[in-house]
Amino acid sequence: MNNSLYFPALTRLACLNPLVLTRCAAANPLGLGCEATLTALRECRSGLRPNDFETARLDTWIGRVDGLEAEPVTGRLAEFDCRNNRLAQLGLRQDGFEEAVAGARERYGAHRVAVLIGTSTSGIHETELAYRRRDPATGALPPGYCYRRSQNVYSVAEFVRCYLRLSGPATSISTACSSSAKVFASAHRLLEAGFADAAVVGGVDSLCLTTLYGFGSLELLSRQPCRPCDAQRDGISIGEAAGFVLLERPERATGAVLFLGYGESSDGYHMSAPHPEGAGVHHAMSEVLRRAGLAPREIDYINLHGTATPANDRAEDAAIHRIFGDATPCSSTKGWTGHTLGAAGITEAIISALCVAHAWLPGSLNTRTLDPSFKSRIVLAAEERPLRHVLSNSFGFGGNNCSLVFGTAAR
Amino acid sequence: MTQAYLGSVGVIGPGIPDWHTARAVLRGECEYKAGPAPEPDAAVLPANERRRAAATVRWALAVAQQATSAGGCRPDDVATVFASSGSDGETLHRICEALAGAEREISPTRFHNSVHNAAAGYWTIAAGSRKPSVSVCGYDASFAVGLVEAVSQVHAEGVPVLLVAYDLPYPQPLYAVRPFEYPLAVALLLAPEPVPGTLARLRVEVAPEASACTPFPAALPAAFADTPAGRSLALLASVARGGRESVRLGYLDGCQLVVDAVTWS
């Protein structure tokens, strides 16, 4: 494919103003912190295990974060205590993130640092538990159940804002499995529009019965550790994760990795199935290249959405091949983390940033025989090589697509 | 300050079938007449999807349709921001009830209807739209949070954006822990430049919580103020009255959203 013909009008003048990733923090099935995440990736050590979540009797594998049961949210924020906010708290405590945000608070003022958190189910598990303890006579939910601080979708953004003692604009973004990719786009716009000088973006989604039984009803749960892009792939492994990134303007901060662009689109096709040819996905990737001012050949690695459902991987492969041909190495990291749903975007954004910073890209874990119908370049083994630009895809129910590009600050 | 031009408004609530009626009531030209909550049919949806769509989806789509139609804008030609505090309560209730039972059976349709962006998904399917769409939540401040996202998009992308804010009362037992009685859906079509028919120029700014919020319009039942989307009505009242006003909307803890609204004609 001739890339220059395909994107004839690209000029670097139209580029988005880049933002610096000044600090990343991660808590996911691979461990606590960015270092643990990278080590597990390098050692090909999956975070998936046979389902042992709560009372869910489902024959599937999950990516679970250990220790949440023993780490309640206490003190001034005790009202927020629920599995999802515990996971948020655990994530905020990694990688020196709180200290980095304290610095930003000092530089810009607490009211000028925005908070944008993606989640699909927030603290719904608290409501699931409360429904088991309804008053037998009246049907009322049990005393102590706090809707606002757990179930409500804003709960997690409010928790992060309070925990970090910030007082600027905030939002939860909930577009299913693209939620915490979309936070990068919205944060960029908030800064461009002058509502904030820096932003904490993130994603937090925790295991719950709704998603386990819900994806079960759609027959999308694999009975084995998920196998993205494999000829025998048969569904997802659900995971849970928290991830956070502090974004600042390059004039005020330094860091090894830049956020260079976003592309968003809708399929307008079906609530829970992707467009078969990946038309919406193609549009999102075209948009991210346009905003980043990059030609397809300048992307050195694509971190796939790669959920391991038959339909998702097929549609994503088709869309990637239309733009990138078979030149760009692609892989899915869902075999390590599982599909962390509303936290997938941020988890894979952080993995993409780690790849850029360490000049390394992973192969798809658990993929034994590549689907022979696939045409893009899916890699099964890791490669050491400098990565100028990495593209990360996230797609959600409702046909909601988001592609992000990260790049090295050393140019 | 970030500005956008308000091209048109859609609104549905009990006794408020459309912007025409809401405007007349808010201007004091006629009295609010209580009536049962309307039952929008979401005619814009294909029959299959209409059968599956929850009530919140039908409400959100109805106002989206009103605003795009009044603004002379093709439904597939506008980016969207959907803002809701709790999306669909009936769906949430049914799922939690099923999961507390022995069988734990959730239907696939109920599951995909449970996502916060269900209304957005149905809208893009109905409109056949590839345009970006984001769904946000800010609890009671969901409308203001959506407005900040929408005007940021208008500013940064230079494109028209449709903001849809909607909240329907929860069924019991959720109603008891999240009580508000009046359903309401509101849509604002916002654009980077004025066009013939533009209603107002809005300039939006986040400010520290300094003085009281702009009072809820007296022409409407006070119960609307309990509905999160009802916080839009102080702004709509100012647009309806015309002139120039600085409207202070409740936003997040410690701050307010100040909207400078000027009639444009």
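Since every read-out is calculated from the coordinates, none of them should be taken as a lab result. These numbers were taken from a predicted model, which means no experiment stands behind them. Ideal geometry is used to build each Cβ from the backbone, glycine not excepted, and the neighbour counts take in all protein chains shown.
Structural remarks
- Across all directions, the shadow cast by the convex hull of the stretch B:2-196 built on its C-alpha atoms averages 11.9 square nanometres.
- For the stretch A:17-408, the share of DSSP beta bridges that are antiparallel, to the nearest 5, is 65%.
- Calculated from backbone phi, Karplus (6.51, -1.76, 1.60) coupling profile of the stretch A:20-25 in Hz, x at Gly/Pro: 8, 7, 7, 7, 10, 9
- Taking amide H atoms as placed 1.01 Å from N in the peptide plane, the amide H of residue A:205 lies under 5 Å from those of A:241, A:343, each 5 or more residues away in sequence or on another chain.
- In order through the stretch A:235-246: 3J(HN,Hα) via Karplus (6.51 cos²θ - 1.76 cosθ + 1.60), integer Hz, x for Gly, Pro: x, 9, 10, 7, x, 10, 6, 10, x, 9, 9, 8
- Ranked for footprinting exposure by Cβ neighbours inside 10 Å, fewest first, B:116, B:20, A:339 give B:20, B:116, A:339.
- Folded to 0 to 90 degrees: helix B:55-70 orientation relative to chain B principal axis, Cα: 30 degrees
- Listed from fewest to most Cβ neighbours within 10 Å, the set B:96, A:402, B:213, A:208 follows the order B:213, B:96, A:208, A:402.
- Note on the stretch B:170-209 and the stretch A:17-34: Cα centroid distance 34 Å, given to the nearest whole angstrom.
- When both bridge partners sit in the stretch B:2-196, DSSP labels roughly 60% of those beta bridges antiparallel.
- Distant-in-sequence amide H partners of residue A:275 (H built 1.01 Å from N, under 5 Å): A:280
- Convex hull (Cα only) mean projected area of the stretch A:144-204, reported in nm² to one decimal: 4.5 nm²
- Residue with peak Gaussian network fluctuation, chain A [Cα springs, cutoff 10 Å], from A:337, A:328, A:74: A:74
- Other residues lying with their Cβ under 10 Å from the Cβ of residue A:216 contribute a combined charge of -2, Lys and Arg counting +1, Asp and Glu -1.
- Within the protein assembly as shown, percent of DSSP bridges classed antiparallel, to nearest 5: 75 percent
- Stokes-Einstein D (µm²/s) once Rh is taken as the Kirkwood radius of the stretch A:17-408 over alpha-carbon pairs, at 25 °C in 0.890 mPa s: 120 µm²/s
- Ordered by the count of other Cβ atoms within 10 Å of each Cβ, fewest first, B:258, B:206, B:148, B:195 give B:195, B:258, B:206, B:148.
- In sequence order, the stretch B:109-116 has phi-based couplings of 5, 4, 5, 6, 6, 7, 5, 4 Hz under the Karplus curve 6.51 cos²θ - 1.76 cosθ + 1.60, θ = phi - 60°, and Gly or Pro positions carry x.
- Rg to Rh, two decimals, where the stretch A:40-143 supplies the alpha carbon set and Rh follows Kirkwood: 1.06
- One equal scatterer on each Cα of the stretch A:50-110, no solvent, Debye formula: the resulting log10 I(q)/I(0) at q = 0.14, 0.16 Å⁻¹ is -0.57, -0.69.
- Cα centroid separation, the stretch A:203-280 to the stretch B:1-55 (Å): 34 Å
- Normalising the average separation of contacting C-alpha pairs (under 8 angstrom, six or more residues apart) by the number of residues puts the relative contact order of the stretch B:2-196 at 33 percent.
- Hydrophobic, long helices, defined as DSSP H runs whose alpha-carbon span along the helix axis is 24 Å or greater and whose mean Kyte-Doolittle value is at least -1.0, do not occur in chain A.
- Normalised by the number of residues in the stretch A:17-408, the average gap of Cα pairs under 8 Å and 6 or more apart makes the relative contact order 23 percent.
- Computed [θ] at 222 nm, deg cm²/dmol, chain A (DSSP H ≥ 4; -39,500 (n - 2.57); rounded to nearest 500): -9000 deg cm²/dmol
- Each semi-axis of the equivalent ellipsoid for the stretch B:118-265 is √(5λ) with λ an eigenvalue of the Cα gyration tensor; in descending order they amount to 24, 22, 15 Å.
- Value at 222 nm in deg cm²/dmol, rounded to 500, when DSSP H runs of n ≥ 4 in chain B each add -39,500 (n - 2.57): -9500 deg cm²/dmol
- Calculated P(r) of the stretch A:94-150 - Cα pairs past 12 Å, %: 75 percent
- Amide proton proximity set for residue A:114, modelled H, under 5 Å, gap of 5+: A:197, A:198, A:199, A:200
- Distance histogram for the protein assembly as shown (every C-alpha pair counted, 20 angstrom bins, percent rounded to whole numbers): 20, 57, 22, 1
- Between A:47, A:67, A:306, the residue with the greatest mean-square fluctuation in the GNM of chain A (Cα pairs under 10 Å linked by springs) is A:67.
- Cα centroid separation, the stretch B:90-109 to the stretch A:55-114 (Å): 28 Å
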